[in-house]
Amino acid sequence: MDFATASSVVLETLTKATSQDQTILKPAEQQLKQWETQPGFYSILVTIFSNHAISLNVRWLAVLYFKNGVDRYWRRTAPNMMIKESPGLIRRRAVTISEI
């Protein structure tokens, strides 16, 4: 799946995860949990939370998943550690966002 397609799927799932309807919320949360160890997931989250055209609730949820993923998967000893080039790319993008 290409980055644009994956981004739209993750955005749709994050949007569903902000729903008050449990029948929509629970499957979305389960899908996001599965993606936590997938390469590229955190880059997509950075793209989503840096896009000010997206709903604030969705952006905050993207920030939370990003923060929790950094806590869990950026350690060298962590199971399912992020691929080495992924944290570097994400750091560069985060620095760019903070300079805006």
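The values are calculated or read from the model by the stated rules, or taken from the named source; none is laboratory data. Because the structure is a prediction, the values reported are computed rather than measured. Counting neighbours? That spans all protein chains shown, and the Cβs are built from the backbone with ideal geometry, glycine included.
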Checklist line | Cβ pairs under 8 Å, 6+ apart, first in segment 62-76 and under 15 Å from Leu11 (Cβ atoms), second of a type in the set (D, E, K, R) | finding: Tyr65/Glu36
Check: On the given criteria, is Phe66 touching a Leu at 6+ places or on another chain (Cβ under 6 Å) and either surrounded by 15 or more Cβ atoms within 10 Å (Cβ to Cβ) or at pLDDT 95 or above (or both)?
Finding: yes
Check: When residues of segment 48-79 are filtered for being outside any helix (DSSP H, G or I) and among the hydroxyl-bearing types (Ser, Thr, Tyr), how many remain?
Finding: 3
Checklist line | Residue in segment 20-47 that is farthest from Ala6 (Cα to Cα), counting only those that are among the β-branched types (Val, Ile, Thr), assigned to a helix (DSSP H, G or I) and at pLDDT below 95 | finding: Val46
